[in-house]
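**Student:** Have a look at this one before I ask anything.
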Amino acid sequence: MSEEYNIPCPHHRQCGGCQLQNLPYEQQLIYKQREAVKILGSLGHVEDIIGMEEPLHYRNKVHAAFGLDRRRKVISGIYRPGSHAIVPVDQCMIEDETADRIILSIRKMLPEFKIQVYDELSGSGWLRHVLVKRGFATGEVMVVLVAASPIFKLQKPFLKKLLELHPEISTVILNINDRFGPVVLGRREKVMYGSGYIEDKLLGMRFRISPSSFYQINPVQTEKLYSLALDFAGLTGRETVLDAYCGTGAIGLCASALAKQVIGVEINRDAVQDAIANARLNGVKNCWFAAGDAGQYMEGLAAEGHRPDVVFMDPPRSGSDERFLSSLIKTSPRKIVYISCNIETQRRDMDILLRGGYRVEKLQPVDMFPFTKHIESVALLTRQPKVRESSPVRPRHSPPLKRN
C-alpha cells in the first residue's frame, strides 16, 4: 500500500473522526491487526486484516449539519464529538466527493433563495441538515433536505437550480423534523423530485435505499465482508438460514440463492418493509422477514423444538444481549457466522457461545473504516458434536412473518 494515503486533514483536531489519519495506511492496518489479535487471538488464529486498495472517499452516505457560527455566518459540517458545535467541513478525505460537492452547492444557494438555517437556541430558521446517499454501483444520488417546517416557498426554482448544477441527482426528499434533540430525520417526508429512493448493487443483488434505510456505508468492503460470511457459512442449498438483526435483508438475500430458505428477523419495522421490497425487487421467493425482537423470536423457535442450520448475526456496536445468546444456544444451529463492528463486544458474546458448546473455527478482521480505529470482524463458530440435534425450523407466525 502506498505512503500517499498519509494525508493530513485540516479538520483533524476538531473533528476527531479519523483517529488514525496521522499514520500511513499500511501502518493503520498493522495497528488494527495487532488490536484484533490482542482481543480475539486467544480464541484462535486471526487472519491478516483485509484492507482497501483505495481507502479514500469510501463513505456513500454523507450527513452535514447546518448552522451559524459566532459571526452569524452560515456553516455546514459535522458535530464536534460530544457536542452540538458544528465543525465547518467543505471536503472530507473519507466522504464521497459527489456528496460533498452537492452539500457545498446547497450552502452557497441559501442566500439566493432566502433560506434561513435552523438555530437550536432560538428555534428559528428552516434548514437543519442535508443528507446525501450515493449508489456506488449505480451512480444514483439521493438528496434529503431536513427542515423544521414543511413550508418551502421557493421549492420549484430551488430544485431547478440544484438539478442544473448537479444533474447526477436522482431524487430529492424534504424531511420534516420539528423536534428538539439529536435525531437527524423526522417521521414525515415529502418527495420533491424523483422516486424517493435510490438503488445500489451488492453481490449481484439490487437494494432499494430510502432516507431512513440502513445500508453499509463502505460498499467496496461490504462485498468482501459478505462474501467472507457466505464462504464461512458453506451453504449447499439444503439449509434453513436465520438472518438475525437482518436490517433491510442484505445478508439474507445474498444467501438466498445458496440456501433452501432464509428467515430474517429485525426489530425495526421500516427496515423489514425495505427487506420485503428488496426481496421482491430481486425476485427472491425463499425469504421471509419478521418484525420483532431477535431474542424473543429465537426463544419461540427453541420452545417449539425448531433449529435453523445456520445463523448469521450482525448486531449493533453494543453487541447482542443475553436473551438472544441464550436462545441461540438452546436452538443450537450447526454454524453461527458472527459479523461485528466492535470486536470487544464480539469477544464478550463469543465467550458466552463458547461456554454454551460452540468453538471458534475462523476469525477474519476487515477494514471497513480506513483512517478510524473501528475494526470489523467475521467469525465462524460451529457446534460441538455433543449438542443434541433438533427438528428443522419452519417460518413462525409469532411475531408475524411477512411474506413477499
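The values are calculated or read from the model by the stated rules, or taken from the named source; none is laboratory data. Worth saying up front: this structure is predicted, and the values here are computed from it rather than measured. When we count neighbours, we look across all protein chains shown, and the Cβ atoms used for this are built from the backbone with ideal geometry, even at glycine.
**Student:** Across the stretch 378-404, which residue is modelled with the highest pLDDT among those that are of a type in the set (S, T, N, Q) and part of a strand (DSSP E or B)?
**Tutor:** Initially, the stretch 378-404 is screened for residues of a type in the set (S, T, N, Q), giving 382, 384, 390-391, 398, 404.
Next, from what is left, pick out any that are part of a strand (DSSP E or B): 382, 391.
On the way: 382: 98, 391: 49.
Across the stretch 378-404, the extreme among qualifying residues is 382.
**Student:** Answer with yes or no whether residue 134 is surrounded by 16 or more Cβ atoms within 10 Å (Cβ to Cβ) and under 30 Å from residue 204 (Cβ atoms).
**Tutor:** In short, yes.
**Student:** Which residues, counting only those in the stretch 265-319, are of a type in the set (Asp, Glu) and either part of a strand (DSSP E or B) or surrounded by 24 or more Cβ atoms within 10 Å (Cβ to Cβ) (or both)?
**Tutor:** Within the stretch 265-319, the first condition is being of a type in the set (Asp, Glu), and the residues that meet it are 266, 270, 274, 293, 299, 304, 309, 314.
Once the filter is applied, which keeps residues that are of a type in the set (Asp, Glu) and either part of a strand (DSSP E or B) or surrounded by 24 or more Cβ atoms within 10 Å (Cβ to Cβ) (or both), the stretch 265-319 yields 266, 274.
**Student:** Name the residues in the stretch 239-288 that are modelled with pLDDT of 95 or more and among the basic types (Lys, Arg), would you?
**Tutor:** Those that are modelled with pLDDT of 95 or more and among the basic types (Lys, Arg): 260, 280, 285.
**Student:** Now for a separate question. Looking for whichever is buried (at least 18 other Cβ atoms within 10 Å of the Cβ) and either at pLDDT below 95 or within 20 Å of residue 294 (Cβ to Cβ) (or both) here; the options are 329, 375, 343, 352. Which one fits?
**Tutor:** Answer to the selection: 329.
**Student:** I'm trying to understand the selection: among the residues of the stretch 165-197, which are assigned to a loop (DSSP other than H, G, I, E, B) and exposed (fewer than 15 other Cβ atoms within 10 Å of the Cβ)?
**Tutor:** 167, 168, 178, 179, 180, 181, 182, 183, 187, 195
**Student:** Within the stretch 331-347, restricting attention to residues that are assigned to a helix (DSSP H, G or I) and touching a Lys or Arg at 6+ places or on another chain (Cβ under 9 Å), which residue is farthest from residue 243 (Cα to Cα)? Don't jump to the end; show me each part of the working.
**Tutor:** Start the filter on the stretch 331-347 by keeping residues that are assigned to a helix (DSSP H, G or I), which leaves 331, 343-347.
Still in the list and also touching a Lys or Arg at 6+ places or on another chain (Cβ under 9 Å): 331, 345.
On the way: 331: 14, 345: 19 Å.
Filtering the stretch 331-347 for residues that are assigned to a helix (DSSP H, G or I) and touching a Lys or Arg at 6+ places or on another chain (Cβ under 9 Å), the one farthest from residue 243 (Cα to Cα) comes out as 345.
**Student:** Something else: On the given criteria, is residue 46 outside the structural domain of residue 162 (by TED's automatic domain parsing), of a type in the set (A, V, I, L, M) and more than 21 Å from the chain's Cα centre (by Cα)? Quick ask: steps written out before the conclusion?
**Tutor:** Numbers: outside the structural domain of residue 162 (by TED's automatic domain parsing): yes; of a type in the set (A, V, I, L, M): yes; more than 21 Å from the chain's Cα centre (by Cα): yes.
In short, yes.
**Student:** Would you be able to tell me the number of residues in the stretch 108-151 that are more than 24 Å from the chain's Cα centre (by Cα) and not in a loop (DSSP other than H, G, I, E, B)?
**Tutor:** First, the residues of the stretch 108-151 that are more than 24 Å from the chain's Cα centre (by Cα): 108-127, 148-151.
So of that shortlist, the ones also not in a loop (DSSP other than H, G, I, E, B) come out as 108-109, 117, 127.
Number satisfying all stated conditions: 4.
**Student:** Testing residue 262 on (1) touching a helix residue (DSSP H, G or I) at 6+ places or on another chain (Cβ under 7 Å); (2) in a loop (DSSP other than H, G, I, E, B); (3) β-branched (Val, Ile, Thr); (4) without any contact (Cβ under 8 Å) to a residue 40 or more places away in the chain, one condition comes back false. Which one is that?
**Tutor:** Going through (1) touching a helix residue (DSSP H, G or I) at 6+ places or on another chain (Cβ under 7 Å); (2) in a loop (DSSP other than H, G, I, E, B); (3) β-branched (Val, Ile, Thr); (4) without any contact (Cβ under 8 Å) to a residue 40 or more places away in the chain one by one, residue 262 breaks only (2).
**Student:** Additional query: Restricting to the stretch 86-107, and then to whatever is charged (D, E, K, R) and either in a helix (DSSP H, G or I) or over 19 Å from the mean Cα position of the chain (by Cα) (or both), can you tell me which residue is modelled with the lowest pLDDT?
**Tutor:** Restricting to residues being charged (D, E, K, R) and either in a helix (DSSP H, G or I) or over 19 Å from the mean Cα position of the chain (by Cα) (or both), the top hit is 90.
**Student:** Let me ask something else about it. Go through the residues of the stretch 219-232 one by one and say whether even a single one is in contact (Cβ under 8 Å) with a residue 40 or more places away in the chain and in a loop (DSSP other than H, G, I, E, B). Show your work before the answer.
**Tutor:** Step one: list which residues in the stretch 219-232 are in contact (Cβ under 8 Å) with a residue 40 or more places away in the chain, which gives 219-222, 224-225, 228-229, 232.
Now narrow it down to the ones that are in a loop (DSSP other than H, G, I, E, B): none.
For the stretch 219-232, residues in contact (Cβ under 8 Å) with a residue 40 or more places away in the chain and in a loop (DSSP other than H, G, I, E, B): absent.
**Student:** Which of the residues that make up the stretch 42-60 are loosely packed, with under 14 Cβ neighbours inside 10 Å and part of a helix (DSSP H, G or I)?
**Tutor:** If the condition is that a residue be loosely packed, with under 14 Cβ neighbours inside 10 Å and part of a helix (DSSP H, G or I), then 42 is the only one that fits.
**Student:** Collect the residues in the stretch 278-336 that are closer than 15 Å to residue 251 by Cα, touching a helix residue (DSSP H, G or I) at 6+ places or on another chain (Cβ under 6 Å) and among the aromatic types (Phe, Trp, Tyr), keeping them in residue-number order.
**Tutor:** 289, 312
**Student:** Of the conditions (1) touching a Leu at 6+ places or on another chain (Cβ under 7 Å); (2) of a type in the set (A, V, I, L, M); (3) at positive phi, residue 203 fails just one. Which one is it?
**Tutor:** Unmet for residue 203, out of (1) touching a Leu at 6+ places or on another chain (Cβ under 7 Å); (2) of a type in the set (A, V, I, L, M); (3) at positive phi: (1).
**Student:** May I pose another question? Any residue at all in the stretch 364-371 that's more than 15 Å from residue 313 (Cβ to Cβ) and among the β-branched types (Val, Ile, Thr)?
**Tutor:** Within the stretch 364-371 (the criterion being more than 15 Å from residue 313 (Cβ to Cβ) and among the β-branched types (Val, Ile, Thr)), the answer is yes, since at least one residue qualifies.
**Student:** Looking only at the stretch 215-238, which residues are touching a helix residue (DSSP H, G or I) at 6+ places or on another chain (Cβ under 6 Å) and within 26 Å of residue 177 (Cα to Cα)?
**Tutor:** 216
**Student:** Can you find even one residue in the stretch 123-131 that is in the same structural domain as residue 86 (by TED's automatic domain parsing), over 21 Å from residue 57 (Cα atoms), free of Cβ contacts under 8 Å to residues at least 40 places away in the same chain and surrounded by 18 or more Cβ atoms within 10 Å (Cβ to Cβ)?
**Tutor:** Within the stretch 123-131, one or more residues are in the same structural domain as residue 86 (by TED's automatic domain parsing), over 21 Å from residue 57 (Cα atoms), free of Cβ contacts under 8 Å to residues at least 40 places away in the same chain and surrounded by 18 or more Cβ atoms within 10 Å (Cβ to Cβ).
**Student:** Against the definition (aliphatic (A, V, I, L, M) and free of Cβ contacts under 8 Å to residues at least 24 places away in the same chain), how does residue 184 come out, yes or no?
**Tutor:** In short, no.
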